[in-house]
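Undergrad: One structure, as structure tokens, below. Some questions next.
Nothing in this text is a laboratory measurement; each read-out follows from the coordinates by a stated rule. Predicted model, so just to flag it, every value in this text is computed and none were measured. Please note: Cβ atoms are built from the backbone with ideal geometry, for glycine as well, and neighbour counts cover all protein chains shown.
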Amino acid sequence: MQQQIIANSIADLDLIADQIVPIIHSRKKVAFVGEIGAGKTTFIKLLCYKLGIKDITSSPTFSIINEYATSNTIIHHIDLFRLNSKEEVFSLGIMELFDGINYCFVEWPDLIEDYFPEQTIWIKITAKQTGQRIFDIYYQ
């Protein structure tokens, strides 16, 4: 399945999240691709809220993995930007998170692209100079 959605404003992000949450809910593993400043972390924060996370969410750029919990789910927000090798990813136990039943939202997934589960949703966010965000969504 392939889909493209365009956000013309911040308000559109809420509508896009509403469209994507049902898909994410059934698959739970999501890889986010996009340049710095494209809006990956901002969109993940919105998805966390939509999935019931009421705590403050933040970028895991330095912590690598942030974990958020509700009474019935856990979301792992993972940022691989600062990692340099597959071995670093493996040593942190990130691959084991893919085997679990919890959500995994991964920014900068390129290092381990070949190791994602087949049911992974890939979301590429492209920021235009006009402020538009283009969401290209791919999954099997």
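Undergrad: What pairs come out if I take residues in segment 33-62 that are closer than 18 Å to Asp14 by Cα and pair them with residues that are part of a helix (DSSP H, G or I) and not hydroxyl-bearing (Ser, Thr, Tyr) whose C-beta lies under 6 Å away, six or more apart or interchain?
TA: Qualifying pairs under 6 Å: Leu46/Leu13; Leu46/Ala17; Leu47/Ala17; Lys50/Ala17; Lys50/Val21; Thr57/Lys45; Thr57/Cys48.
Undergrad: Quick check, is Gly34 touching a Ser or Thr at 6+ places or on another chain (Cβ under 8 Å) and loosely packed, with under 14 Cβ neighbours inside 10 Å?
TA: Spelling it out, it is not the case that Gly34 is touching a Ser or Thr at 6+ places or on another chain (Cβ under 8 Å) and loosely packed, with under 14 Cβ neighbours inside 10 Å.
Undergrad: Sticking with this structure for a sec: Give the number of residues within segment 37-76 that are of a type in the set (Asp, Glu) and surrounded by 15 or more Cβ atoms within 10 Å (Cβ to Cβ).
TA: Matching residues across segment 37-76 total 0.
Undergrad: Which of the helices (runs of 4 or more DSSP H) found entirely inside segment 39-140 contain at least 3 residues meeting this: more than 12 Å from the chain's Cα centre (by Cα)?
TA: Result: 86-91, 94-99.
Undergrad: Return yes or no: is Ser9 in contact with a Ser or Thr (Cβ under 6 Å, 6 or more places away or on another chain), touching a residue at least 12 places away in the same chain (Cβ under 8 Å) and either under 21 Å from Ala127 (Cα atoms) or of a type outside the set (Val, Ile, Thr) (or both)?
TA: no
Undergrad: Do we have Asp114 as surrounded by fewer than 16 Cβ atoms within 10 Å (Cβ to Cβ) and in contact (Cβ under 8 Å) with a residue 24 or more places away in the chain here?
TA: When the stated conditions are applied, Asp114 does not pass them.
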